[in-house]
Amino acid sequence: MGTIIAFISIIVVASIFQTSTGFGFSIMATPFLLLLFLPQDAIQINIILSLIISMALIWKVRVDVDIKLLKRMIIGSILGVPIGIIIYMTVDILIFKLMISIILLLLTLLLLCRVKMTPTPKRDYFVGWTSGILTTSIGMPGPPLLLYFTGAKITKEKLRATTLAFFLFIYSISLITQITFSGTTTTVWLSSLYALLLVIIGLGLGQYLFKKMNQQIFTVITYVLLLITGIYLLLDSMISMITT
């Protein structure tokens, strides 16, 4: 029963953040799904649900997509996918957790330091490349996009729309690549099916919150989400390493 309640909570909360911010599902879901599933299963469940959410939301926000930026990130991500699949197939669960926690905490630190970035074509490609690696390896393309977009002072509307459009591509490619090279399981697809209703609930709540949030609240929620998730996962991975 505890596992079921945890699964429901993770999916609903992560769906709310994904809908309201454009990036929150993988950042919120992946670390906690690792506590319930094998690493590869947790990552594939995250990718499938994130893909479904992106498909459901992109039509409404398509006019805010930065097409030139999107094309550059897609090209960069294609070059990152092969590196990501190697990591996905070789790294164990403790290293997975430690990697994710360090990425989240480093991202939070950089955001709090208000690192400014002027968008350039080369940086667009680089961000896409790193996101490609992170998507295929740990199912989390959001951190480099969030850091780049926030540092470049991109509005929350453009951030959400361009991120969703990019996710449609990179999640699809990553899922196909993972299944091709590593396979999949019944657990992945059944769990994803059970989560669909929870995702729909999260979509509705997230859309409502998005309309109510101003840019300042949006930024605060971003920092809190990253900080809490990063610290929790770091502590969990360190305790696991000490006790094993």
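Summary of computed values
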quantity	calculated
Stokes-Einstein D in µm²/s, Kirkwood radius over Cα pairs - segment 122-174 at 4 °C with 1.567 mPa s viscosity	117 µm²/s
Computed Rg/Rh of segment 160-244, alpha carbon atoms with Kirkwood Rh	1.05
Förster-model FRET efficiency, 35 Å R0, Ser172 and Leu112, C-beta, rounded to 0.05	0.60
Exceeding the 31 Å Cα-Cα cut-off - candidates Lys60/Lys116; Lys71/Lys153; Lys60/Lys97; Lys68/Lys97	Lys60/Lys97; Lys68/Lys97
Gyration tensor over alpha-carbon atoms, the chain, equivalent ellipsoid semi-axes in Å	25, 20, 19
The chain - mean residue ellipticity at 222 nm from DSSP helices (-39,500 (n - 2.57) per run, n ≥ 4, rounded to 500)	-29000 deg cm²/dmol
Cβ charges +1 (Lys, Arg) and -1 (Asp, Glu), total dipole of segment 1-156, debye	660 debye
Charge dipole of segment 1-145 about the Cα centre (unit charges at C-beta), most positive-ward option of Ile138, Met73, Thr120	Thr120
Share of alpha-carbon pairs per 10 Å distance bin for segment 77-212, given as whole %	11, 34, 38, 16, 1
Shape call, segment 20-93: gyration tensor on alpha carbons, a/c limit 1.5	oblate
Label-to-label distance, nm, for residues given as Thr90 and Ile179 (7 Å Cα→Cβ offset)	2.6 nm
Axial C-alpha extent at least 30 Å, average Kyte-Doolittle at least 1.0 - helices from the chain (DSSP)	39-61, 67-90, 215-243
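FYI, it's all coordinate maths here, none of it is from the lab. In this text, all values refer to a predicted model and were calculated from it rather than measured experimentally. Neighbour counts run over all protein chains shown; Cβ positions are idealised from the backbone, glycine included.
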